[in-house]
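In what follows, a single structure is set out as structure tokens and then discussed.
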Amino acid sequence: MFAVFRINVAVFFAVTLLLSGCQTESQTFVDDAGARESAFDWRVPASVPLPYEPDDNPMTEEKFQLGRHLFYDARLSVNGEISCASCHEQARAFSDGQQHPSGATGEVHPRNSQSLTNAAYFNNLTWGNPALATIEQQVMLPLFGESPIEHGINEDNFEQILMSIQADETYLRLYAEAFPEQDEPLLGELAWDNSVKAIASFVRGMTSFDSAFDRGEMSDAAKRGEALFNSERLECFHCHDGYNFSDATIDRGVTFLEPLFHNTGLYNIDGMGAYPDPNTGRHEVTGNPDHMGQFRTPSLRNVAVTAPYNHDGSVPTLDGVIRNYAAGGRVIASGEHAGDGRMNPFKDGVLVSFQITDAEVDDLVAFLESLTDDAFLTDPRFSDPWR
Amino acid sequence: MKIILTPSKRLACAAGMSVVLILPSQASAHYIPAEGEPVQVHGTVMTTWRSASPVDEYEFWQIPGTSMGGDAWPVSQGVSLDEVSVMAAKRFDQNTFVKLGVSTHDGSDGHQSVGIEHASLGFVCCDSKGPWVVEAGRMTAAFSPELLAHRSASEFTEPSLIADVFFGRHFHDQGLRVWLHETAGWSAGAEVWQGKAFPATDDSDGGAWDAFARYAFSTGRIHADVGVWHYRAQATSRADHRYGGGHQHTPVAAPGEVATIFPDVRYTGDVDLTGVHAGSSVRIGAESTLGIKGAWAQLNMEGVLHDSGSREADIVADQYAVWLQPYLTLHNHTVSLRAERLVADNTLTGAAAATLGEGAGLLSEDGHTPERFSLSWLYQWRPQVEFRAEYISDQTLPEEQDRFAVGVVWQGSLLSGHAGH
Amino acid sequence: MRRPFTSAFPSLLQASFLQASFFRPSFSLAAVLSSAVLLTACGGDSSSSTEIVGPREISATIPFAAVVGDASVECGEDYLNVGSDATTVSFVDFRFYVHDLKLVTDAGTEINVSLDDVSTDGSDESSPSQNSRVAQLDFRDTLGCEAEADANPNFNDGVQVTATVEEGVTISAIRFTLGVPFDLNHKDQAAADEPLRNPGRASGAGWNWQNGYKFTGIDVSPVGGWTDPEDGERTGNRWNVHLGSTGCPVSVSDLESGTEPETCDNPNRPEITLELGAIDVEQAEIVIDYAALVSGVSVAQDAGGAPGCMSGSTDPECETVFANLGLAWGDNAATDQSVFTLREKASAE
């Protein structure tokens, strides 16, 4: 018995020694290394990570407001009639409802205006450009680009356009507030750079995470649609995944990833997978034949108000988009773009056809409609400040 | 880390710990087939009906604050075939023996498959009684008695939290074991593993090893044993293979959440586990035994959490789990009460820490420490057949659940002439 | 060459200065070099290059000339027999960037030539044509290269350089790289130093869809426009040669400073080496010939891709243009370029 007792005591002490360093209640301590620190009030839910802010253009409310004024200012164009809002209307989640927008000189853009919902969360900008990383880089295109001409600001008119901005007292105040560290942010030589950064800040601040889906207030049809969306049969979640419903999403928690692009079998004009010029997607930028027809996955938030759909606005309704996926691609029976997109050799391997009933299509559309953030579409914060 | 023990807790803690000392538990005495015996074939079949499952369909079983995986499937509502196994062992000369074992494994969506649990060759040195034993091949771990034993051998239908949470319920891996086997009550050994068993991973940077020691004491009426073990593993991109780790189609969700795709968060880093187990029993009558047994295990994880979206976060986790089981055996009936508690202290650092921690289930719920209390009545109806009835108060998940279980277990030799395994 | 006169100066006088270059009044290179030439002439056989008595620091403006065959480039003029279909064209844009200028000795060693940082020299020019890293040549003598427009204040046909040359060194060639250096090519264009600022000298020279600048913006308007030979409906009125880097990925450096940007698949920066031959380095003028640039390809047609050649690796017109520039394209290896040559400049002032 004594031997047993000795063993008992020995074990007891050993055990309590080991235990003495331990907690008695479970707890988890999370140190996010400043991932939620920002000079800007992003107004996103706590479960959504914050987006990247470029080192050379950290977000502030003042830049956001200056950018908002510039966004809605038609003086930033060759004819004084085109502003960013001309093709990005708030009520349509900053798309424009057109298949192809036109620029200041009437030149038609080959692609569809994208919604700017959550633009801050994309790891590359525009429909199919693996070279555009930041909104600042993208904003240069519509302002100063030549093919196509959008705002039409060029070497002949940029000085006058800047002078018209400089003559506005509202802007003198807004620039000084947005760039307090500079002596002459509007009259100095960084005026255009500041303007680009401000517009980019406004677009970056367009966050939208307050839909019926987010609040858990979905209809029964929408819930059925969600189950379909996540199902193995439809596999929408394969590309439209995460809190922003796009696999091109990046936020502060993500170390940099190669951007993803997908060919969804919309065209096949030569029988060998070609998409019509100039909208060959990623291929247009890289020249790599394997990239033919690859485009970036858009977010599905607010998708119900951003018709028409796809990179060239060639699909007018969500119903049509779903049926294209159900078929495994789009067949164009006749015309200059005739071809069987289902047979496109560059089509993403995940896209196989699936069966879906009409009722299920309606349910899926109901789910997509539950992703509309009405507050975002009407929030005065994103509206035209000149009115 | 500071301990805040209220007086009542302190008392309970001390009482519990002191109880651990008391005496015996099952020693794995019959593990090595004896010389001269014919081939031993032992089988088990375990079937249980349960009144509820801790999770609904399309939910995944993730105890908050822990990193689970392996085969730790939640128990399901209704009738389930918990285990079917067949183990054969033969000593075919003075020194050499072979063991083969096959058993069922649970899979996703309730699928069950049969797998080779044990396929090893052993060598006893240096006479037929040893005491050194070297065994190599696919084996069950010997460092912890509850991992070594079959699920059907326990008084309870649900394995302990140590087994389920820290080891993924089963431990079958390919490796090598050197064992000083039962010399005057002492035994000790060391094992080296390829790493196929959770919580390790099998690759050039993975693998695991462990060492253990045990002392068993027995007089006429009193049996006791105590053991200690240490296990260390490296994991590389370790997934929760129950729901993740590959191309997963079926949306699942944490209990109470909307079903989405399982957040496939991986762990790369070190895993250190240390454990103590002890048990003792006293024969208090002709056919009555009073006993108590228990185990305590401590887990340390230090590494990186990461996912396919290229998010990363550093993690340092200190966790421990303890179970304590007093029991009373009267004639053919055994009544046992098991109390379990798991305490996790995790620290995650990095911009993606919150996202990854949530995805991995490593965020503890405020004010919630997983606990479970089980009461079981086991009736040994025949030498090889027993019935069990259980009541479980499951507080491992934020939502408490009470459930019942009734089951039958058959375990015995498939060949006449030899009882026991 | 930068003109020290204001843009209000009468156009006649401007024309006469187009092809002239002159040295800084502070140093007379001509005197030094001519004496060197005399010395070598006395010394024996006529050398095929210039021997410098040094070491000395030389400051000079290297002149460039833009031609179409024998005719010099002017806005509003028509040029005949251009390209494989002998098309008539007029110019819409004619700008390009150069950097990393070097003088090559007959032993093959390179002497670095530094670009003068004109942006800080306090002159009254509002938009410098060069900084210490890169220079822009702009051969549009009128605004927008229109026939009847005002003079283009950004016209520039020379690069101001400084070089240190050792004694007894013989210079046999001039070398430069066409384009914008990699580390400058992917920076914020609205804040860049001239001549890379957009809007500014780089207005219309930005190439954001590929992330960077157009190394060349040499665009013509063919009479009758261009037509796609396989699709008669596809036409245009501007045939472009936009050289630039392609296959440039999004990079961590776009967001985080201090990180190196990832390199592009095709840098497309040809290094041009021009042998002096019998020409004095002091008298040398670098000539870019548009006829040679589009030799072998028709500027009245465009079979696909961007109108003209915009460096696309599947753009059929680029195959010939790149070969003329001596650049590898697709599976074709780099060859010798035929677009740039050296000649003696017209008599110096």
Whole angstrom only: what separates the Cα centroid of segment A:239-267 from the Cα centroid of segment A:59-112? 25
Pick out, in residue order, every one of the GluC sites (Glu not before Pro) in segment C:226-313 that is DSSP loop and has at most 13 other C-beta atoms within 10 Å; say none if there are none. C:Glu230, C:Glu256
Unit charges at the beta carbon, dipole of segment A:212-371: most positive-side option, A:Asn288, A:Ile332, A:Pro298: A:Asn288
What nm value, rounded to one decimal, do you get for the distance between C:Glu230 and B:Leu330 when each label is placed 7 Å out toward the C-beta? 9.3
Placing +1 on the Cβ of each Lys and Arg and -1 on the Cβ of each Asp and Glu in segment B:7-413, which of B:Leu356, B:Ala224, B:Leu299 has its Cα farthest towards the positive end of the resulting dipole? B:Ala224
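Percent relative contact order of segment B:7-413, based on C-alpha pairs within less than 8 angstrom and at least six residues apart?
Reported as a whole number, the value is 17 percent.
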Under the rule rounded for a/c under 1.5, else prolate if a/b exceeds b/c, else oblate, using alpha carbon gyration tensor axes a ≥ b ≥ c, segment A:212-371 is classed as oblate
At 0.36 nm per residue, and after removing the present C-alpha to C-alpha distance, how many nm does the segment from B:Ala34 to B:Gln380 gain when stretched out fully? 121.9 nm
Explain nothing, just the number: dipole magnitude of the protein assembly as shown about its Cα centre with +1 on each Lys and Arg Cβ and -1 on each Asp and Glu Cβ, in debye rounded to the nearest 20. 5880
Cβ-based net charge around A:Ser86, under 10 Å, with every Lys or Arg adding one and every Asp or Glu removing one: -4
Percent relative contact order for segment A:61-208, counting Cα pairs under 8 Å at least six residues apart, stands at 33
Relative contact order (%) - chain A, alpha-carbon pairs under 8 angstrom, separation at least six: 20
Let me know the charge dipole size of chain B about its Cα centre in debye, to the nearest 20, where only the beta-carbon of Lys, Arg (+1) and Asp, Glu (-1) is charged. 1440
What length, rounded to one decimal in nm, is gained on full extension from C:Arg133 through to C:Glu148, with 0.36 nm per residue of separation minus their alpha-carbon distance? 2.0 nm
Projected label distance in nm at C:Asp106 and C:Asp85, using a 7 Å step from Cα toward the beta-carbon: 4.9
Amide N proximity, segment A:190-226 versus A:Arg381 label position 7 Å along Cα-to-Cβ, cut-off under 12 Å: A:205-210
Theoretical ellipticity at 222 nm over chain A - DSSP helices of four or more residues, -39500 (n - 2.57) apiece, nearest 500: -9000 deg cm²/dmol
Which loop-located GluC sites (Glu not before Pro) does segment A:82-174 contain, where loop means any DSSP state but H, G, I, E or B and the Cβ has at most 16 other Cβ atoms within 10 Å? A:Glu107
Among A:Met218, C:Ala346, C:Pro63 the positive-end extreme of the charge dipole of the protein assembly as shown (Cβ point charges): A:Met218
Rounded if a/c is under 1.5, else prolate if a/b beats b/c, else oblate: with a ≥ b ≥ c from the C-alpha gyration tensor eigenvalues square-rooted, which is chain A? oblate
Please give the net charge around B:Leu337, taking every other residue with its beta carbon less than 13 angstrom from that of B:Leu337, where Lys and Arg add +1 and Asp and Glu add -1. 0
Per the 1/(1 + (r/R0)^6) rule, R0 = 25 Å and r from the Cβ atoms of B:Val316 and B:Leu148, FRET efficiency to 0.05 is 0.25
Straight-distance crosslink candidates among lysines, where the alpha carbon sits under 16 Å from B:Lys99 and sequence neighbours closer than 8 are dropped: B:Lys90
How many nm separate the modelled label positions at C:Glu262 and B:Ser393, each set 7 Å beyond the Cα in the direction of the Cβ? 5.7
Please give the net charge around C:Lys102, taking every other residue with its beta carbon less than 15 angstrom from that of C:Lys102, where Lys and Arg add +1 and Asp and Glu add -1. -3
Just rank A:Ser147, C:Ser245, A:Ser334, fewest to most, by other beta-carbon atoms within 10 angstrom. A:Ser334, A:Ser147, C:Ser245
C:Asp70/C:Asp336 FRET efficiency (R0 30 Å; Cβ-Cβ; nearest 0.05): 0.85
For chain B, what is the calculated [θ] at 222 nm in deg cm²/dmol (nearest 500), taking -39500 (n - 2.57) for each run of four or more DSSP H residues and dividing by its residue count? -1500 deg cm²/dmol
Anisotropy class of the protein assembly as shown from Cα gyration tensor, a/c 1.5 cut: prolate
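Only the coordinates and a few stated rules stand behind these numbers; no lab work does. Quantities reported herein were computed from a predicted structural model and do not represent experimental measurements. Counting neighbours? That spans all protein chains shown, and the Cβs are built from the backbone with ideal geometry, glycine included.
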